[in-house]
Amino acid sequence: MGGGFRNFFGRIGNGLRKFMTGRYGTDKLNTVILFTGVVLCLVAMFIPFPLVKLALTMVSYGLMFWAIFRSLSRNIYKRYRENRKFLILLDRVKDREHRYFDCPRCRQPVRVPRGTGKIAISCPKCKEKFIKKT
Ligand SMILES: [Zn+2]
């Protein structure tokens, strides 16, 4: 009783696990991409202008496709790097007390307090000096 069912779903589960072996799976970036895609798709349904609706729908499908592509990707290292970059960016956006600049010479990110006006920043890595408004 019910054994056949369990077997059936067990086999699907096994097949899925086998299919996902060596593939990236999901991460925070994927969740955000997928969520944005779904939201855009829903928003598009309420837009009365056909062209805008079409454009939004295309973008939302693109985002969902991108999320699926990332989770099925076998280039795990590259996907991992993308997610890390995204998390760093997210931290920067969330941080209301600092501004982040990339050193114009060596690309080293430099964090400075916000709202101090124009200041001269010197890169901690290559000592390059540059002026930024904070
Ligand atoms: Zn530098």
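Consider just the alpha-carbon atoms of the chain and return their Rg together with their Dmax, both in angstrom.
In order Rg, Dmax, the Cα atoms of the chain give 22.5, 76 Å.
Working from the pairwise distances between different alpha carbons, so that the mean of 1/r is found and then inverted, what is the range 72-134's Kirkwood radius in Å?
Roughly 13.3 Å, rounded to one decimal.
Suppose the chain between V43 and F8 were pulled fully straight at 0.36 nm per residue; how much longer would it get relative to their current alpha carbon spacing?
This chain segment gains 8.8 nm when fully extended.
Suppose R0 equals 22 Å. What FRET efficiency, 1/(1 + (r/R0)^6) with r the Cβ-Cβ distance, do L51 and K78 give to the nearest 0.05? Can you show the working numbers first?
Working: r = 35 Å, r/R0 = 1.58.
E between L51 and K78, to the nearest 0.05, is 0.05.
Kindly point out which whole DSSP H helices in the chain project their C-alpha atoms 20 angstrom or further along the helix axis while averaging a Kyte-Doolittle hydropathy of 1.6 or above.
28-45
Keeping to pairs on different chains or 8 or more places apart, tell me how many lysine pairs in the chain have Cα atoms under 14 Å apart.
Lysine pairs meeting both conditions in the chain amount to 4.
Hull surface divided by four, with the convex hull built on the Cα atoms of the range 1-64: how many nm²?
Answer in nm², one decimal: 6.8.
Looking at I33, V59, I131, which one has the Cα that reaches farthest to the positive end of the dipole of the chain (charges on Cβ: Lys, Arg +1; Asp, Glu -1)?
I131
What's the magnitude of the charge dipole for the chain around its Cα centre, counting Lys and Arg as +1 and Asp and Glu as -1 at the beta-carbon? Answer in Debye, nearest 20.
On the way: 28 positive and 7 negative charges, 127 e Å.
Around 620 debye, computed over the chain.
Every number here is computed from the coordinates shown, using simple stated rules; none is lab data. As the structure is a computational prediction, the values presented were derived from the model and not from experiment. All Cβ positions, glycine included, derive from the backbone under ideal geometry; neighbour counts span all protein chains shown.
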